[in-house]
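Colleague: Provided herewith is a single structure, encoded as structure tokens, for subsequent inquiry.
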Ligand code: IMP
């Protein structure tokens, strides 16, 4: 990658971009936004989805990344997982809580896969945070499923009740982006 360590993230989600940017900037990497429509495939594996999305993007002149995330609820056999975006758009947080009504096991994981590509080099990193689904919607910070996800080490609060810094200390996205940052820093 170039000496200035600049990466371009293909996303239209400003929240994701902001979280990723903060992590990488603390590691000396500048993240810029690439506003393109990405092609998303439906697959079970987030790494596959993120890597596939990079295929059609131009990476000869600059290093680019795509991130794909999902919420995997143990008591629903991993649902919504790769369908997280569709489920949020259709039944919403209330709908997910309704699905959980008679489910005893509320354990869940948030996963983030970050795929990187520059010329002929590509790689992908996964970040995971374990936690559980709350019984009600709590908090107004963050985005998406944040108000119903309680990370294991968050003192019982949902991501929606945490500041961006607190979420970034624990989140799936922060873990994946830190791995990417460390990998970049080990290269010339
Ligand atoms: P995407 O396909 O990676 O954009 O994300 C799948 C779904 O999960 C979308 O509905 C997002 O809003 C949601 N999502 C992704 N990351 C997070 C997060 O960090 N917190 C809460 N919801 C998220």
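Colleague: So, in Å, what gap is there between the alpha-carbon centers of segment 46-63 and segment 84-148?
Modeller: About 22 Å separates the Cα centre of segment 46-63 from the one of segment 84-148.
Colleague: Using the number of other C-beta atoms within 10 angstrom as an exposure proxy, rank 165, 130 with the fewest first. Don't skip to the answer; put the middle values down first.
Modeller: Details: 165 8, 130 14.
Listing 165, 130 from fewest to most nearby Cβ atoms yields 165, 130.
Colleague: Going by alpha carbons, how many degrees (0 to 90, nearest 10) lie between the helix axis of 172-185 and the longest principal axis of the chain?
Modeller: With both axes taken from Cα atoms, the answer is about 20 degrees.
Colleague: Working out 0.36 nm times the residue gap between residue 18 and residue 89, then minus their Cα-Cα distance, what length gain in nm do you get to one decimal? Intermediate results must be reported in sequence, preceding the final value.
Modeller: On the way: separation 71, 0.36 × 71 = 25.56 nm, distance 2.16 nm.
Full extension of this stretch gives 23.4 nm more.
Colleague: At a 10 Å Cβ-Cβ cut-off, how would you order 65, 133, fewest neighbours first? Numbers along the way, then the final one.
Modeller: Details: 65 28, 133 24.
Listing 65, 133 from fewest to most nearby Cβ atoms yields 133, 65.
Colleague: So, one more: So how do 146-159, 28-41 stack up, highest first, on mean other-Cβ count within 10 Å?
Modeller: Working: 146-159: 19.1, 28-41: 14.2.
With the highest mean Cβ count within 10 Å placed first, the list reads 146-159, 28-41.
Colleague: Just want the ordering: 110, 143, from fewest to most Cβ atoms lying within 10 Å of their own Cβ.
Modeller: Working: 110 25, 143 15.
Ranking 110, 143 by Cβ neighbours within 10 Å, fewest first, gives 143, 110.
Colleague: Test of understanding: what is the full-extension gain from residue 143 to residue 102, defined as 0.36 nm times their sequence separation minus their Cα-Cα distance? Display every interim value, and only then the final one.
Modeller: Values: separation 41, 0.36 × 41 = 14.76 nm, distance 2.57 nm.
Between residue 143 and residue 102, full extension yields 12.2 nm more.
Colleague: For segment 5-185, what number results from the quotient of the Cα radius of gyration and 2.2 N^0.38 Å?
Modeller: Numbers: Rg = 16.1 Å, N = 181, 2.2 N^0.38 = 15.9 Å.
That works out to 1.01 for segment 5-185.
Coordinate-derived values only; no laboratory data. Please read these numbers as outputs of a predicted model, since none were measured by experiment. Every residue, glycine among them, receives a Cβ derived from its backbone with ideal geometry; neighbour counts consider all protein chains shown.
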